[in-house]
Amino acid sequence: MKNQDSPTTYEYLADDPNVKVMPIMLSLIIGAFFAILNETLLNIALKTLMEEFHVTLPTVQWMATGFMLVMGVVIPASALLLQWFTTRQLFLGIMIIFTIGTTISALAVNFPMLLAGRLIQAVGTGILIPFIFNVFLLLFPPERRGKIMGMIGLVIMFAPAIGPTLSGVIVEYLGWRYLFITVIPFSLFSIAFAYKYLINVSEVTKPKIDILSLFFSTIGFGGIVYGFSAAGDSEAGFLSPNVAITIVVGIAGIILFSIRQLKLEEPVMDLRVFKYPMYTHAVFMFLIIIMAMFSSEIILPMYMQGPLGLLPATAGLVLLPGSILNGVMSPFMGHLFDKFGPKILMIPATIVLSLTMFMMSRLSMTTPLWVIVVGYLLLMLTVSAIMMPAETNGLNQLPKRLYPHGTSLMSTLQPVAGAIGVSVFISIMNARQNHFLQKASNPTDPTTIKEAMVAGVELVYFIGFVLAIVAVILAFFVYRARPADEKIIDNN
């Protein structure tokens, strides 16, 4: 089906028997899987790249920091792109950009060339996530979206979970270039499949492009993501002048961006989505879960490699079952959401999350590994039961005209909340460590240093426990959302 548009009398194209939904989904999901996989694929290879290109650790970290920074800049603009280009034009353009970036990195002869390819990849990846959410919202009616969003959750969670393990094998046996080379054929397949089967499902309205909004967005979201990421990497943390200035400029940019959006008739990102209570509810739940998940992915490996003395590979394997469970359970949780609504999922899940966070706040230098495995399994299980159902429920309440803005805002919050959560929790952990060592009789003793880190980890998870209690309270106020033009409220 190479036709550009598919005339139909159905409100949602998935209900039209003449529309081949599965090939559309397949082309989008394959593209999304390898784009998201690419986010974590290089983490294991950073040391190899340092040796290959003779660069320092702060320089090579731009492969990760730069990727997040570009995503933080382009995602807010995705709402505008979704209204300026057809579904086919935008997806094919995204995947072509991503493939070009991947090819440049695979052929890199020096570090600047490698980094340039990586940043081009980030442009495609940043636009792709809100694009896919928007397409699936337009394809499927609200009563079928839970299972579909669960499938997206499977991709979003499973791809990063296997990234480090897959990366280690590829780097060990094939070399770092194959981290990019192996992705290229799948990207080309996604492009070819989409060219044949993808149809236009969104309306092209071509709203006015407000340059000042894009400038404020770039300064604001870019400054926040970079500032908080740099705070997590810097020994001085938030006390570093560069970090503090960047964050202040970022906050100012977001404030100016928000004020301007509320004044424009055709905003780049319509903040009126917050008028819908279940969308606002979803945003708060989303922020809590993202910060809990991202910080655990950073702090638990530090705890296992420090006080417990595990090798990095072993620490990664300890977390792998939880990450895989999260992805595998997402479609099942989506099915339960479609059948029973959000409340029956969120209340038990947030309670389990609270208990898990409290359990993790009792970690010690002698905690057996099975406790960490079980704790992380429970954490990831609750993430799958809360995050995607909350996001789907919130988006369900929006009218169709706000889908691009709702998906863009949610996607923007992921790198922002991740950067903030990681840097704040690491700063809290470091502060608690330093306080512990200042009171210790022998602060240079290796055992004392390990005990100080344990004290920091305990405090971080206790704060996570407090946030989880907030999530429990919020869960009692959720209800099944209907599209805004329907006056039906179901208290499931």
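Just so you know, all these numbers are worked out from the coordinates, no wet-lab data involved. This is a predicted model, so every value here is computed, not measured. With ideal geometry, Cβ positions are generated from the backbone for all residues, glycine too; neighbour counts draw on all protein chains shown.
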For the range 311-370 and the range 166-198, what is the separation of their C-alpha centers, rounded to whole Å? 30 Å
The lysines whose Cα lies under 27 Å from the Cα of K147, excluding any fewer than 8 residues away in the same chain, are K20, K196, K275, K339, K343, K400, K487
About the Cα centre of the chain, what is the dipole size in debye to 20, counting +1 per Lys and Arg Cβ and -1 per Asp and Glu Cβ, all else neutral? 540 debye
Using distinct alpha-carbon pairs, which all enter the 1/r mean, Kirkwood radius of the chain in Å: 23.3 Å
Size of electric dipole in the range 110-212: Cβ of Lys, Arg +1 and of Asp, Glu -1, about Cα centre, debye, nearest 20: 140 debye
Most positive-pole-ward Cα, L413, P399, I351, against dipole of the chain from beta carbon charges: P399
Quick calc, the range 17-204, dipole around Cα centre from Cβ unit charges on Lys, Arg (+) and Asp, Glu (-), nearest 20 debye, gives 420 debye
Give, in whole angstrom and from largest to smallest, the semi-axes √(5λ) of the equivalent ellipsoid of the range 17-204, with λ running over the eigenvalues of the Cα gyration tensor. 31, 16, 15
Quick check on the chain: helices-only [θ] at 222 nm, where DSSP H runs of length 4 and up contribute -39,500 (n - 2.57) each and the sum goes over total residues. Nearest 500, please. -25500 deg cm²/dmol
Provide the convex hull volume over Cα atoms per residue for the range 273-492, in Å³. 112 Å³
Grab the beta carbon distance between L369 and E265, set R0 = 45 Å, and tell me the FRET efficiency rounded to 0.05. 0.20
Ordering 103-116, 380-393, 210-223 by per-residue average of other C-beta atoms within 10 angstrom, highest first, gives 380-393, 210-223, 103-116
Rounded to whole Å, give me the distance from the Cα center of the range 203-278 to that of the range 134-157. 27 Å
Farthest positive-ward along the range 17-204 dipole, Cα basis, beta-carbon charges - from I120, M71, S27: S27
Computed FRET efficiency, Cβ-Cβ of I251 and N18, R0 45 Å: what is it to the nearest 0.05? 0.35
By how many degrees, between 0 and 90 and to the nearest 10, does the Cα long axis of helix 62-74 differ from the longest principal axis of the chain? 30 degrees
Could you pull the Rg and Dmax for the range 375-484, using just the Cα atoms, both in Å? 19.5, 63
For helix 277-305, what angle does its Cα long axis make with the longest principal axis of the chain, in degrees from 0 to 90 and rounded to 10? 40 degrees
Please state the relative contact order of the chain as a whole percent: Cα pairs under 8 Å, 6+ residues apart? 21 percent
Net charge (Lys, Arg +1; Asp, Glu -1) of residues whose beta-carbon lies under 11 Å from that of S364, S364 excluded, is 0
In whole angstrom, note down how far apart the Cα centers of the range 16-39 and the range 441-475 are. 41 Å
To the nearest 10 degrees, how steeply does helix 446-475 sit against the main Cα axis of the chain, on a 0 to 90 scale? 30 degrees
